[in-house]
């Protein structure tokens, strides 16, 4: 029964997708992972998850990095880009194929309509077809169990709850689950703190770690920032980009959202002093174990 290990040295990361500029919800996620790393005297890396070129907005990667720098959320080492790491995703996929832990799938979305779990139609397709095919990983009858630092114990029966999922797409691009799982292991990430909207991705990524003989990080999923109607604040929902002329206010609002209770006197301090206070007083235990927090005006 795979579980997340207890790593010794802290290496965290923030991994945005360049589908648009940072908004207040993504700042909350970035700040939480930054403070969790810095309070543990660990490293904090930034990885641009641009493995899906059709969804990438021109210039968004640079805008994201510029917004992080404006808030003094400085990362260690160089920022990495998934678009430059295709070879390691191919190698991981070939390993799974060679061990018959993955297979080629020709099914269309129309064919799978009405199936919550993939029915295993192409499980015997172990060689490439003449037409473009996706590649699915074989989900065995195994549970993925982990103790989320914020959301608590999680247990996921892979074959019954998840089913065989795609790791390489028909357009020859790595799927999010594979790219993220391989990157986290290859970069030595020990802790992942991210939004609760990605909680369902965690068992998939841990399962890939298990099959590939890789270590899984410790996970913590914070509640996402949502609009009053419950809709998650996101680039797809046209969330307002961060106002880079109000970085101090952005950080203080994000700290309040994370239940860190910043004193009102901090508004008289500069960005570095705010981050120093936040690092010294950081407590992940203060973050509520819920999926989302609704705000009347979530854009700050």
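The values are calculated or read from the model by the stated rules, or taken from the named source; none is laboratory data. Everything quoted here is computed from the prediction, not taken from an experiment. As a convention, Cβ positions derive from the backbone with ideal geometry for all residues, glycine included, and neighbour counts pool all protein chains shown.
Data overview
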read-out: Hey, residue 77 touching a strand residue (DSSP E or B) at 6+ places or on another chain (Cβ under 7 Å) and under 30 Å from residue 23 (Cα atoms) or not; value: yes
read-out: Count of the stretch 198-230 residues which are within 20 Å of residue 32 (Cβ to Cβ), touching a residue at least 40 places away in the same chain (Cβ under 8 Å) and in a helix (DSSP H, G or I); value: 1
read-out: Answer residue from the stretch 201-223, given it is touching a strand residue (DSSP E or B) at 6+ places or on another chain (Cβ under 6 Å) and surrounded by fewer than 22 Cβ atoms within 10 Å (Cβ to Cβ) and is nearest to residue 152 (Cα to Cα) among those; value: 220
read-out: Condition check for residue 85: under 19 Å from residue 17 (Cα atoms) and either in contact with a strand residue (DSSP E or B) (Cβ under 8 Å, 6 or more places away or on another chain) or surrounded by 12 or more Cβ atoms within 10 Å (Cβ to Cβ) (or both); value: yes
read-out: Inter-residue pairs, beta-carbon under 8 Å, first on the phi > 0 side of the Ramachandran plot and crowded, with 20+ Cβ neighbours inside 10 Å and in the stretch 43-69, second at pLDDT below 95 and part of a helix (DSSP H, G or I), 6+ apart; value: none
read-out: Scan of the stretch 237-267 for residues that are more than 25 Å from residue 150 (Cα to Cα) and not in a loop (DSSP other than H, G, I, E, B), ordered by number; value: 241, 247, 248, 249, 264, 265, 266, 267
read-out: Residue among 294, 227 that alone is modelled with pLDDT under 95, crowded, with 17+ Cβ neighbours inside 10 Å and either in contact with a strand residue (DSSP E or B) (Cβ under 7 Å, 6 or more places away or on another chain) or more than 30 Å from residue 178 (Cα to Cα) (or both); value: 227
read-out: In the stretch 127-170, the residues that are closer than 17 Å to residue 112 by Cβ and assigned to a loop (DSSP other than H, G, I, E, B); value: 129, 131, 132, 133, 138, 139, 163, 164, 165, 169, 170
read-out: Residues (in a loop (DSSP other than H, G, I, E, B) and within 19 Å of the chain's Cα centre (by Cα)) located in the stretch 78-121; value: 78, 79, 85
read-out: Extreme residue, surrounded by the fewest Cβ atoms within 10 Å (Cβ to Cβ), among residues of the stretch 254-277 that are touching a helix residue (DSSP H, G or I) at 6+ places or on another chain (Cβ under 8 Å) and closer than 19 Å to residue 221 by Cα; value: 259
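For every residue, the table says whether it meets (1) over 30 Å from residue 253 (Cα atoms); (2) in contact with a helix residue (DSSP H, G or I) (Cβ under 9 Å, 6 or more places away or on another chain).
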| residue | (1), (2) |
| --- | --- |
| 44 | no, yes |
| 55 | no, no |
| 63 | no, no |
| 71 | no, yes |
| 89 | yes, yes |
| 101 | yes, yes |
| 124 | yes, no |
